[in-house]
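Please treat every number below as a calculation from the coordinates, not as lab data. Treat the numbers as computed from the prediction; the structure is a model and nothing was measured. Ideal geometry is used to build each Cβ from the backbone, glycine not excepted, and the neighbour counts take in all protein chains shown.
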Amino acid sequence: MYLENTLQSFECAIGLNYDGIELDVMLTRDQKIIIFHNSTVQFKNKETEVLKLNYSEIKKKHPEITTLEEILTSIGHKTNINIEIKNQKKKSLYVAEKVIQILKQLNLIDNIIISSFNPWIVRYIKKTDDRFVTAWIWGKDNYRCFLSWRIVLNYFKVNAIHINHKQITGSLIKKLQINQIKVLAYTVNNSDTLLSLISKNIDGVFTDSPSILELSRNTNHQNYLPK
């Protein structure tokens, strides 16, 4: 097994013929976009905000951490890539702008999905260049938006919703799909969960498990859909 968000883990997923990979991006003090999940990193025996450190300082302590540009230069044209922009408060839209710049420099658009828990990031992406596919990630805090889903989703102009599998219902999937919005579930690492989602006509799942990938490919999805 490889550490998450590393080139080795992405190359392994590509080798296993996953349909795509997912990575998280954060901004450093010296304006580098790095591949990293958390807002803090272990530095000098304490957790320090990524925004307060230069990339060279992070790299010295954590050599496995690399930049978005380096990763995309290596594997950007080899698979579909979901880029999750983490919320860094006032810097969030700047991060979105930098991500778009990097993607255009590398001629990466058609195989890219840009996602975030922050809907303003998603809206900014669409307003800047509507060729990019976007996804709004729903957790327990913003699931309430489903109550006014049509107005909210039209305003933020999302192409997909990424949502915790525990919050998914058949009616939610149906309503979103009727409006041409795809629904993908995270993080699905259990076979029973996968088959339940297939029965609800889910569009796709995020998984860490090669066995879930294999099960999905070997399952006749039509047998699990409601008659």
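Expressed per residue, the C-alpha convex hull volume of the stretch 78-213 stands at 112 Å³. For residue 191 and residue 51, the difference between the fully extended length at 0.36 nm per residue and the C-alpha to C-alpha distance is 46.5 nm. Across the stretch 159-227, Cα pairs under 8 Å and at least six residues apart give a relative contact order of 31 percent. Model label points for residue 44 and residue 30, set 7 angstrom from Cα along the Cα-to-Cβ axis, are 1.6 nm apart. Shown here: Cα extents along the principal axes in Å, derived from the displayed model; of the candidates [x] 57, 40, 36; [y] 101, 41, 30; [z] 82, 34, 31, it corresponds to [x]. Computed from label points 7 Å out along Cα-Cβ, the spacing between residue 94 and residue 111 is 3.1 nm. Counting every other Cβ atom within 10 Å of each residue's Cβ, 60, 126 order from fewest to most as 60, 126.
Residue by residue, the stretch 154-168 carries 3J(HN,Hα) couplings of 5, 5, 8, 6, 8, 9, 8, 10, 9, 9, 4, 4, 6, 9, 8 Hz when phi is fed to the Karplus relation 6.51 cos²θ - 1.76 cosθ + 1.60 (θ = phi - 60°); x denotes Gly or Pro. FRET efficiency for the pair residue 203 and residue 70, taken as 1/(1 + (r/R0)^6) with r the Cβ-Cβ distance and R0 = 35 Å, rounds to 0.70. Taking the stretch 1-136, how much of its Cα-Cα pair set, in percent, is spaced more than 27 angstrom apart? So the portion of pairs separated by more than 27 Å is 16 percent. Calculated FRET efficiency, residue 171 to residue 128, Cβ-Cβ distance, R0 = 35 Å: about 0.60 to the nearest 0.05. Using the average count of surrounding beta-carbon atoms within 10 Å as a protection proxy, the listed peptides 174-180, 131-137 rank, highest first, as 131-137, 174-180. Per residue, the convex hull spanned by the alpha carbons of the stretch 159-227 comes to 82 Å³. For a 23 Å ceiling on Cα separation, which of these pairs sit above it: 52/140; 89/140; 89/126; 98/127? In this structure, 52/140 lie more than 23 Å apart at Cα. Taking a sphere under 11 Å around the Cβ of residue 177 and counting the other residues whose Cβ falls inside, with K and R at +1 and D and E at -1, yields a net charge of +3.
Check which residues have an amide H placed less than 5 Å from residue 134's amide H, if you skip close sequence neighbours. Answer set, sorted by chain and number: 114, 159, 160.
Counted by Cβ distance under 13 Å from residue 203, the other residues give a net charge of +2, where Lys and Arg count +1 and Asp and Glu count -1.
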